[in-house]
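S.K.: Handing you this structure, nothing more for now.
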Amino acid sequence: MNKVYKFYPEYEDEFITPVDTSETSLLFSTALSVQNPLPCGKVLQVKLQGRRGFSQNSFYWLHPQCLVCDLVAYNKLNDLLSGCGFWSELMLDGEALYLFSVTKEINVLNEDDSDFVELNGFKLDIKCYSFKYFNESENPIFLITNMKGHYPLMSGYLVKKIKEFEITGLKFKLL
């Protein structure tokens, strides 16, 4: 049986934003676009906002649609995430950060056994998930096909690897 997780930053009240506020739309409209995400065309300078309590962690908070990590996590995860999206480089106080935008969609949701939040026949969200079998190592992070706007999920395989690598800064919720 597959294990699938939602993932969250350890410190959601601390996040990164562009140093130049005119680049905010570039960051959110390209790297995080739901329709057709594209890598940022340049290295964006970012700054930390909030309490700065996560400076010892490898993952940073930007948006639930993506991962932002330091060089250590990037080096450990780059090969694992190959084929699931793309990386864009950011710069935080002279240190490189890497933003991973998830583009891989898989038909993994068993819709007959899942429970949805619906409005006028439209599925808005998922209350209770039921998943079909899928290869977790080939699909470590993914979007659910036919659920546009739904945030990416991680396979148990990727969560296990993150823990094995002792990469900090994310929390996981088993679905």
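Only the coordinates and a few stated rules stand behind these numbers; no lab work does. Worth saying up front: this structure is predicted, and the values here are computed from it rather than measured. With ideal geometry, Cβ positions are generated from the backbone for all residues, glycine too; neighbour counts draw on all protein chains shown.
S.K.: Given the pairs LYS47/LYS161; LYS47/LYS127; LYS42/LYS160, which are separated by over 30 angstrom at their Cα positions?
M.R.: In this structure, LYS47/LYS127; LYS42/LYS160 exceed 30 Å between Cα atoms.
S.K.: Taking the chain as a Gaussian network, where each spring joins two C-alpha atoms under 10 Å apart, which residue of GLN56, GLN65, GLN45 fluctuates the most?
M.R.: GLN56
S.K.: Can you compute the modelled spin-label distance between LYS163 and GLU138, with each label point 7 Å from Cα toward Cβ, in nm?
M.R.: 2.5 nm
S.K.: Just to be sure I understand: with springs between alpha-carbon atoms less than 10 Å apart, which residue in GLY149, GLY94, GLY41 has the highest mean-square fluctuation in the Gaussian network model of the chain?
M.R.: With Cα springs under 10 Å in the chain, the top fluctuation among GLY149, GLY94, GLY41 is at GLY94.
S.K.: Now, a different point. Using only alpha carbons, build the gyration tensor for the range 86-132 and give me the equivalent ellipsoid semi-axes, biggest first, whole Å.
M.R.: For the range 86-132, the semi-axes come out at 36, 13, 9 Å.
S.K.: Using modelled amide H (1.01 Å from N, peptide plane; none on Pro or chain starts), what sits under 5 Å from the amide H of HIS150, excluding residues fewer than 5 places away?
M.R.: none
S.K.: What longest region of the chain stays clear of trypsin sites (Lys or Arg not before Pro) that DSSP places outside H, G, I, E and B and that have at most 12 other Cβ atoms within 10 Å?
M.R.: In short, 53-131.
S.K.: I've got another one for you. May I ask you to derive the relative contact order of the chain, considering only C-alpha pairs under 8 Å and at least 6 residues apart, and to give it as an integer percent?
M.R.: 29 percent
S.K.: List the residues, sorted by chain then number, that are 5 or more residues from LEU97 or on another chain and whose placed amide H is less than 5 Å from its amide H.
M.R.: Here the answer is LEU90, MET91, LEU92, since their amide H atoms fall under 5 Å of that of LEU97.
S.K.: Contact order normalised by length for the range 103-156, with contacts defined as Cα pairs under 8 Å and 6 or more residues apart; what percent is it?
M.R.: About 37 percent, as a whole number.
S.K.: Still on this model: Any idea which of GLN45, SER25, LEU124 is furthest toward the positive side of the dipole for the chain, if Lys and Arg beta-carbons carry +1 and Asp and Glu beta-carbons -1?
M.R.: LEU124
S.K.: Between GLU118 and ASN75, take the C-beta separation as r, use R0 = 35 Å, and let me know the FRET efficiency to the nearest 0.05.
M.R.: 0.25
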